[in-house]
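Note sheet for the following structure.
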Amino acid sequence: MSISQLEITHDELKHLVSERAQTGETLLLNMGPQHPSTHGVLRLLLELDGEIVVNCIPDIGFLHTGIEKNMEAKSYEKAEVMTDRLDYLNTMGNNLAYCLAVEKLVDLDVPERAQAIRVIFAELQRIASHLVWLGTHALDLAAMSMFFYCLNQRERILDIMEMCAGQRMMTTYFRPGGLWRDVPAEFEPAVRAFIDSFPAEIELYEGLLDKNPIFLDRTKGIGIYNGEEGIAWGITGPSLRGSGVAYDLRKEEPYSGYEQYDFEVCTEAEGDVYARYRVRMREFRESLKIVRQALDKLPGGPVRSNNRKFVPPPRAELGESMEAVIHHFKLWTEGFPAPKNSIYMPVESPRGELGVLLEGDGGPKPYRCHWRTPSFVNLQILPKISQGCYVADLVAIIGSIDIVLGDTDR
Amino acid sequence: MKAELQPVLDALQSAFGAHISEFREQAKAVIAVEHIVEAARTLRDAHGFNMLAGLSAVDYWPERKPRFHAVYEFKNISKNLRLEVRVPLDGDEPKLPTLTEIFPNANWHERELWDMFGFEVVGHPDPRRILMPADWVGHPLRRDYPLGYEEVQFSFNFKEIDQRKPRPQD
Amino acid sequence: MGLEQKLGNMGIVTTTLEQVVNWSRTRAMWPMLFGLACCAIEMMASQGADYDASRFGMELMRASPRQADLMIVAGRVSRKMAPVLRRLYDQMPSPKWVVSMGDCASCGGVFNNYAIVQGVDEIVPVDVYVAGCPPRPEALIHGIMTLHEKIKGETFKDWA
């Protein structure tokens, strides 16, 4: 495939640009796929009138990985490895969505302790994801020191993940039926040290940005949409809560025992870039609250389901029980079958509703696994809210809807 | 299944002949393709399903009738209800009417359906491929489309594969 | 520093042109600000305060390929991205180097399917492969140090 074949011709885009583009009155400018502020390989074709964006045509798929197709070729357990690499800022959250979907499809129980640890990690991951968002978003808006502060704190969370899962990012720590293994003894003090020290960091970030006139000028009143528009466009997560809709799946359709924890759904009414920034900043504190509660009442007990048809037996049992050997052998050579039906499992990822449509066919491989990813849906509103803004504002808007291209393109 | 969902399902059944089923407390309604636009409009206007949460498809190849299911996930935010609507589609080149008039975010989802499954979305404002390159041949998520697995290079077959690997020029 | 001993009384260092050119190339290697997928996050982490790649004269990530001399292919390369990546490589001025970061860029990783190029070395010549999914920032820095070693061994003939 040569590069010339990749170029989009004028005719193909005629219906997307204004008539002034035909006469050359406005300028068509290509932004991306390699651009520092598109947060990955997003390509935007901009129709510009001077510095004003007349039309914005997103072109995605530069990171299309074929994950959905690839998962169909793997067993339920092996397919989980792919889920980490979808939204690579929310690896634990993807594992969680997938495991919950599998558990619901095959009707598998999860022990209390595993659920609580899942919640702790999901919330730590949310903080880590928001930290990367904050660092890069502020970097785009010329606040460079934020990037260093945020990545520094993110390392603290990655250290905790590495301690438990052995990997910094692609953990695959949650497994259908529980966790890969129990957390080590150092886990609790490490998490406590983090949640005790992190509030001071949030104050530091807010001190750097909240009253920073450059930051305020570039975020207030930019990229506005109201709650109704947001719902019509399918926006979810902080991007919708920034428009005043208190919609959070952790409250609406609780999973993994989120109903036991006391936390607030943060909303801001304005619906601009600054409101979305404020929502995420407040979510830092809410996530910390959840982690603290979960840690305080962390129950004991096993972290994997005792259902041997779906969860491999512990290593120690293999030497004693013939049945355990059979189960072990069956699970690792063949996998477990799932009923011929489908379920849809939505969870709240840092970016919004992450839904898994999982369909079984009676065999050990997923027949179809569709990922309803928040970035894909949230990005759709970009052409609408970027019309009439400056190119520089576009950078702020892309940052504020917090897309991850791995999530968008799958 | 929530009790509030029952009147919605009854309404769909009487108006559009929907076939209702339930699995793990999730309701599914199977609606014929000619009714889907009207059904979506009714769901949004009369029953408050104001968000199209997701749209995808499943390929049942080598089944022919129906070969595909288009799967719509509707969400009623104020009442906190979810409903899955499935539309069976026959044949290799199915046609599906667009929902972009009712839910603007159906736009990219339907482009994805064209790209990945080869559904012709009738009345779509921007019927281009979305994820694959514009000159791609085939629709990858169809079951009869190969995965595209390439043989992995190990020490025993290193040379053999190395010979046919493309080598870039400086 | 030890420089005084080398300088001696006369303040003169004797070396070869090859050495001095190679040394200067390694000490200010500007990578292209070009992330593809998960590895890009670890690449960002290696630029961050904890790992600090600027210790090796490479804090300056250039967004324009015209100003860069190192391309870190950080992540999986899709078939749609491949022509773009090659164009970016062609736009970089010589001398230029490529580090293939992570399993996906090196060999396709876990994604052996229709969408992913099975190794970026099918598109651009790669100098150093860094293994890992994703590699730790230390691994990336080690890969770059390995590249430095390679550059230090280059001769006049290689430049021509």
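Considering the zone a paramagnetic label at residue B:147 would reach in this model (a point 7 Å from Cα along the Cα-to-Cβ line), which residues of the stretch A:306-340 have amide N under 19 Å from it?
A:331-338
Hey, could you pull the Cα Rg and Dmax for the stretch A:3-59, both in Å?
Rg then Dmax for the stretch A:3-59, in Å: 11.6, 32.
Mind running the shape call on the stretch C:81-130? Use the C-alpha gyration tensor, a ≥ b ≥ c as the square roots of the eigenvalues: rounded below 1.5 for a/c, prolate if a/b tops b/c, oblate otherwise. Intermediate values should be presented prior to the final figure.
Details: a/c = 3.27, a/b = 1.53, b/c = 2.13.
Oblate, since a/c reaches 1.5 and b/c is not below a/b.
Under 1.5 on a/c is rounded, so check that first for the stretch C:28-78, then, if it is not, pick prolate when a/b is larger than b/c and oblate when it is not; a ≥ b ≥ c are the square roots of the alpha carbon gyration tensor eigenvalues.
Details: a/c = 2.52, a/b = 1.12, b/c = 2.24.
Judged from the Cα gyration tensor, the stretch C:28-78 comes out oblate (a/c at least 1.5, b/c at or above a/b).
Please check: in the Gaussian network model of chain A (C-alpha springs, under 10 Å), which one of A:84, A:296, A:140 has the largest mean-square fluctuation.
With Cα springs under 10 Å in chain A, the top fluctuation among A:84, A:296, A:140 is at A:296.
For the stretch A:131-143, what does the Karplus curve 6.51 cos²θ - 1.76 cosθ + 1.60, with θ = phi - 60°, yield as ³J(HN,Hα) per residue in whole Hz, taken in order and with x for Gly and Pro?
Using θ = phi - 60°, the values come out as 5, 5, 4, 5, x, 6, 5, 5, 4, 4, 9, 6, 10 Hz.
What is the distance, in nm, between label points placed 7 Å from the Cα along the Cα-to-Cβ direction at residue C:67 and at residue A:340?
Computed distance between label sites residue C:67 and residue A:340 equals 6.2 nm.
Determine which residues of the stretch B:63-80 fall in the zone a paramagnetic label at residue B:92 would reach in this model, i.e. backbone nitrogen under 15 Å from the point 7 Å along Cα→Cβ.
B:63-65, B:67-68
Top mean-square fluctuation among A:325, A:303, A:265, Gaussian network model of chain A, C-alpha springs under 10 Å?
Of A:325, A:303, A:265, the most mobile in the Gaussian network model is A:325.
Roughly what would the spin-label model give for residue B:41 and residue A:251, points 7 Å off Cα along C-beta, in nm?
3.5
Running a GNM on chain C with Cα contacts under 10 Å, which residue among C:123, C:144, C:12 ends up with the highest mean-square fluctuation?
C:12
Tell me the angle of helix C:82-91 to the major Cα principal axis of chain C, expressed in degrees between 0 and 90 and rounded to the nearest ten.
Approximately 20 degrees, to the nearest 10.
Given a Förster distance of 35 angstrom, what is the FRET efficiency for residue B:34 paired with residue B:61, based on the Cβ-Cβ distance and rounded to 0.05?
Details: r = 23 Å, r/R0 = 0.66.
E between residue B:34 and residue B:61, to the nearest 0.05, is 0.90.
Under the rule a/c < 1.5 gives rounded, and otherwise a/b versus b/c splits prolate from oblate, where does the protein assembly as shown land using the Cα gyration tensor? Working shown, then result.
Details: a/c = 1.44, a/b = 1.30, b/c = 1.10.
In terms of gyration-tensor shape, rounded.
Enter the accessible area per residue of chain B (Å², integer; probe 1.4 Å; all protein chains in place). Mind dumping the intermediate values first?
Values: 7970 Å² over 170 residues.
Here the residues of chain B average 47 Å² of exposed surface.
Hey, which lysines would be in cross-link range of residue A:78, C-alpha to C-alpha under 25 Å, not counting anything within fewer than 8 residues on its own chain?
Within the straight-line cut-off, residue A:78 pairs with A:69, A:104, A:309, A:330, A:340, A:365.
Carbon-plus-sulfur fraction of the accessible area of the stretch B:5-164, 1.4 Å probe, in percent? Present the calculation step by step, with values, prior to reporting the outcome.
Values: 3750 of 7080 Å².
Looking at the stretch B:5-164 in its full context, I get 53 percent from C and S.
Tell me the volume per residue, in Å³, of the convex hull enclosing the alpha carbons of chain C.
Details: hull volume 18.8 nm³, N = 160.
Roughly 117 Å³ of hull volume per residue.
Under a straight-distance cross-link criterion of Cα-Cα below 22 Å, which lysines are reachable from residue A:220, leaving out those fewer than 8 residues away in the same chain?
Reachable lysines: A:211, A:384.
Which value, in Å², gives the accessible area per residue of chain A when a 1.4 Å probe is used on the protein heavy atoms? Provide the component values of the computation, followed by the final result.
Numbers: 13700 Å² over 410 residues.
For chain A, the solvent-accessible area averages 33 Å² per residue.
If you bin the C-alpha pair distances of the stretch A:65-124 every 5 Å from 0, what whole percents do you get?
In whole percents, the pair-distance histogram is 4, 18, 24, 27, 16, 9, 2.
Amide H of residue B:53 versus every other amide H placed in the peptide plane: which residues, excluding those fewer than 5 positions away on the same chain, fall under 5 Å?
Amide H neighbours of residue B:53, under 5 Å, 5+ apart: B:73, B:74, B:75.
With everything on Cα atoms, drop me the angle between helix A:322-333 and the longest principal axis of chain A, reported from 0 to 90° to the nearest 10.
Tilt of helix A:322-333: around 20 degrees.
In square angstrom and rounded to 100, what buried accessible area do you get between chains C and B, total over both, with the probe at 1.4 Å? Mind showing how you got there, number by number?
Values: alone 9160 and 10770 Å², together 18540 Å².
Approximately 1400 Å² gets buried when C meets B.
Once you put a point 7 Å from the Cα of residue B:23 and another 7 Å from the Cα of residue C:155, both along the Cβ direction, what distance in nm separates them?
About 6.8 nm, to one decimal.
Am I reading the B/A interface right? What is its buried accessible area, both sides, 1.4 Å probe, to the nearest 100 Å²?
Numbers: alone 10770 and 17300 Å², together 23870 Å².
Using a 1.4 Å probe, the pair buries roughly 4200 Å².
Please give the contour-minus-distance gain from residue A:306 to residue A:180: 0.36 nm per residue of separation, less the Cα-Cα distance, rounded to one decimal in nm. Intermediate results must be reported in sequence, preceding the final value.
Values: separation 126, 0.36 × 126 = 45.36 nm, distance 1.34 nm.
Length gained between residue A:306 and residue A:180: 44.0 nm.
Taking K and R as +1 and D and E as -1, what net charge do the other residues with C-beta under 9 Å from the C-beta of residue B:75 add up to?
Numbers: positive: B:82; negative: A:353, B:73.
Once positives and negatives cancel, what remains is -1.
How many percent of all Cα-Cα pairs in chain B sit more than 24 Å apart? Show your work: numbers first, answer last.
Working: 6574 of 14365 pairs.
When all Cα pairs of chain B are counted, 46 percent exceed 24 Å.
Calculate how steeply helix A:144-165 sits against the longest principal axis of the alpha-carbon atoms of chain A, using the helix alpha-carbon long axis, and give the answer as 0 to 90 degrees to the nearest 10.
So the helix axis and the longest Cα principal axis differ by about 20 degrees.
According to the Kirkwood expression over distinct Cα-Cα pairs, how big is the hydrodynamic radius of chain A, in Å? Show your work: numbers first, answer last.
Details: mean 1/r = 0.0444 Å⁻¹.
For chain A, inverting the mean 1/r across all distinct Cα pairs yields 22.5 Å.
Kindly provide the GluC sites (Glu not before Pro) of the stretch B:19-62 that DSSP labels as loop, not H, G, I, E or B, and whose Cβ sees at most 13 other Cβ atoms within 10 Å. Could the numbers behind the result be given before it?
On the way: sites: B:22, B:25, B:34, B:38; in loops: B:25.
Passing both the DSSP loop test and the Cβ count: B:25.
Ordered by residue, what ³J(HN,Hα) values in Hz, to whole numbers, does the stretch C:39-46 give under the Karplus form 6.51 cos²θ - 1.76 cosθ + 1.60, where θ = phi - 60° and Gly and Pro are x?
For the stretch C:39-46, the Karplus-derived couplings read 4, 4, 5, 5, 5, 4, 4, 5 Hz, x marking Gly and Pro.
Quick one: with all protein chains in place, what share of the accessible area of the stretch A:3-59 is carbon or sulfur, to the nearest percent (1.4 Å probe)?
Values: 1400 of 2740 Å².
After summing per-atom areas, the C and S share lands at 51 percent.
Quick one: pull the percent of accessible area on the stretch A:257-365 belonging to carbon and sulfur, 1.4 Å probe, ligands and nucleic acids left out.
On the way: 2500 of 4610 Å².
Here carbon and sulfur together make up 54 percent of the probe-accessible area.
Calculate, for residue C:30 and residue B:165, the FRET efficiency according to 1/(1 + (r/R0)^6) with r their C-beta to C-beta distance and R0 45 Å; round to the nearest 0.05.
Using R0 = 45 Å, I get an efficiency of 0.90.
Two decimals is fine: what's Rg over Rh for the stretch C:99-160, C-alpha atoms, Kirkwood radius as Rh? Let's see the in-between values first.
Values: Rg = 13.5 Å, Rh = 12.6 Å.
That ratio equals 1.07.
The values are calculated or read from the model by the stated rules, or taken from the named source; none is laboratory data. Since the structure is predicted, the reported quantities are computational estimates derived from the model, not experimental observations. Heads up, the Cβs are rebuilt from the backbone with ideal geometry, glycines too, and the neighbour counts pull from every protein chain shown. The area values use the complete protein model at the heavy-atom level, side chains included, leaving out ligands, DNA and RNA. Shrake-Rupley method; radii C 1.70, N 1.55, O 1.52, S 1.80 Å.
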